[in-house]
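Structure record follows, encoded as structure tokens.
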Amino acid sequence: MTSTQQRNETATETPRPGTIDMKLEAVIISVSDADRAKRFYGGLGWRLDADFVVGDAFRVVQFTPPGSPCSIHFGKGLTTAAPGSAKGLYLVVSDIEAARAELVARGVDASEVFHRAGPGQPPISGRHPEGRSYSSYASFSDPDGNSWLLQEITQRLPGRVDAHDTTFTSSTELAAGLRRAAAAHGEHEERTGGQRDENWPDWYAEYMVAEQAGKPLPT
């Protein structure tokens, strides 16, 4: 093997991180009836951003899920994919049971919450017993059969989030993070003799930043 081949293989195996921001803006899904789909996604409480019609051949409807930086597009003249062909689109939530309950309250036929013991393992009824991040799910579909998967993520795997960035995209997500920090801090106070920790705001902040970045949590 030549030195050039070795360098090429090394470059392929360990690609450099990108330096230019490329933010996923929108995902196109195919539907058979744009008005019906508009009623469905509006009924979920998603934000309607646009409904542009150009003649008889083109229409784009844009909805954005609460707290999401990415939107969906559907309509006419956008894709040749068959209606209902989008499968397993992920929606990340911080509380799987609350998210499913809201869908059901809005008339959505959502699945029961289920979890997996590990990657590739069969589904098991109920939320993960240890509340393990990435392990609890629920699913639902739109009228055409485009399917969505709710996934509960409370702590990111290491390297998935910039260690210096902490972002909460809604008051609901922030409140859920505060509740988890409060529960962990209660255990911390018990371990330290049951005394009130006057520096609890600093402890909360450290916990919530570490949780999002996938770093070791304070004890």
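The values are calculated or read from the model by the stated rules, or taken from the named source; none is laboratory data. Remember, predicted model here, so these are calculated numbers, not experimental data. For neighbour counting, all protein chains shown are included, and Cβ atoms are generated from backbone atoms with ideal geometry for every residue, glycine included.
Would you check if there is a residue in segment 128-145 being within 22 Å of Leu178 (Cα to Cα), assigned by TED's automatic domain parsing to the domain that holds Asp35 and among the polar types (S, T, N, Q)? No - not one qualifying residue is present in segment 128-145. Cβ separations smaller than 8 Å between residues 6+ apart or across chains give no pair from segment 92-118 residues that are in the same structural domain as Ser71 (by TED's automatic domain parsing) to residues that are surrounded by fewer than 14 Cβ atoms within 10 Å (Cβ to Cβ) and outside any strand (DSSP E or B).
Residues are listed down the side, and each one gets a yes or a no for (1) closer than 24 Å to Ala176 by Cα; (2) buried (at least 17 other Cβ atoms within 10 Å of the Cβ); (3) at pLDDT below 95; (4) of a type outside the set (Asp, Glu):
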residue	(1), (2), (3), (4)
Asp51	no, no, no, no
Val61	no, yes, no, yes
Pro69	yes, no, yes, yes
Lys76	no, no, no, yes
Ser85	no, no, no, yes
Asp95	yes, yes, yes, no
His115	yes, yes, no, yes
Gly118	no, no, yes, yes
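Going residue by residue through segment 99-106, is there one that turns out to be of a type in the set (Gly, Ala, Ser), within 17 Å of the chain's Cα centre (by Cα), modelled with pLDDT under 95 and under 21 Å from Ser171 (Cα atoms)? No, segment 99-106 has no match at all.
Sort through Arg106, Arg100 and tell me the only one that's under 19 Å from Gly145 (Cα atoms) and surrounded by fewer than 18 Cβ atoms within 10 Å (Cβ to Cβ). Lay out the reasoning, then the answer.
On the way: Arg100 fails: surrounded by fewer than 18 Cβ atoms within 10 Å (Cβ to Cβ).
Within the list Arg106, Arg100, the selection yields Arg106.
From the set of residues in segment 38-49 that are in contact (Cβ under 8 Å) with a residue 12 or more places away in the chain and surrounded by fewer than 17 Cβ atoms within 10 Å (Cβ to Cβ), which is nearest to Leu150 (Cα to Cα)? Talk me through it step by step, then tell me what you get.
If we filter segment 38-49 for residues that are in contact (Cβ under 8 Å) with a residue 12 or more places away in the chain, which is where we start, we get 38, 40-49.
Narrowing the set further to residues that are surrounded by fewer than 17 Cβ atoms within 10 Å (Cβ to Cβ) leaves 42-43, 45, 47-49.
Working: Gly42: 18, Gly43: 17, Gly45: 15, Arg47: 18, Leu48: 20, Asp49: 22 Å.
By that ranking, first place goes to Gly45.
For segment 20-37, state whether one or more residues are modelled with pLDDT under 95 and farther than 30 Å from Ala175 by Cβ. For segment 20-37, residues modelled with pLDDT under 95 and farther than 30 Å from Ala175 by Cβ: present.
Hey, can you tell me all the residues within segment 180-219 that are surrounded by 12 or more Cβ atoms within 10 Å (Cβ to Cβ) and of a type in the set (Lys, Arg)? Residues satisfying the conditions are Arg180, Lys215.
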